[in-house]
Each structure stands twice: as structure tokens, then as C-alpha cells.
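Have a look at the structure below, then the notes.
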Amino acid sequence: MLIDKHLLTILVCPVTKTPLQIDNEKEELVSTAAKLAYPVRDGIPVMLEDEARALSQDEFEFWHSKKA
């Protein structure tokens, strides 16, 4: 998945307004604050809460530990 680094600095979680992290393997943008993962389809982030999936506790802990 290729998301422009500048775009990532602009995008925030629509629920919490916090920064997102990229999960290239699953092609998702992760919000640890909301415990949600937003899909990226055809290179376009789908930033709708209804389209997001809940993070498992293990996923949350993994991404939370990677936060800068």
C-alpha cells in the first residue's frame, strides 16, 4: 500500500481526531485511540466509522507499543 507521507500527516481518526498509523500488511489505517482500523481500498483511505473494524486486544497492544 502506498500512502503519501504528507497525506498521512493530515489524516486523523474521524472519531477521536488523533493521528493514524499504517498497517501495510492489512492495508489499513489504525487508530489506537478509537481501537479501530480503517480500510484502504485501491489506495484510498475509507475514513468512515461504519466501515472500520474493531481492533482485537492483541492488535491494540501491538499498535499502541509502536506509537511514537
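Observations on the structure shown:
- Options VAL40, VAL30: the member that is touching a strand residue (DSSP E or B) at 6+ places or on another chain (Cβ under 8 Å), modelled with pLDDT of 95 or more and among the β-branched types (Val, Ile, Thr): VAL30
- Number of positions in the range 35-68 that are assigned to a helix (DSSP H, G or I), of a type outside the set (D, E, K, R) and surrounded by 14 or more Cβ atoms within 10 Å (Cβ to Cβ): 4
- Residue count for the range 24-34 under the criterion of being among the basic types (Lys, Arg) and in a strand (DSSP E or B): the result is 0.
- Subset tally (residues that are open to solvent by less than 90 Å² (accessible area, probe 1.4 Å), of a type outside the set (Asp, Glu) and in a strand (DSSP E or B)) for the range 1-23: 3
The values are calculated or read from the model by the stated rules, or taken from the named source; none is laboratory data. This one's a predicted model, so the numbers in the text were calculated from it and none came from an experiment. With ideal geometry, Cβ positions are generated from the backbone for all residues, glycine too; neighbour counts draw on all protein chains shown. Heads up: the accessible areas ignore ligands, DNA and RNA and are worked out on the full protein's heavy atoms, side chains in. Shrake-Rupley method; radii C 1.70, N 1.55, O 1.52, S 1.80 Å.
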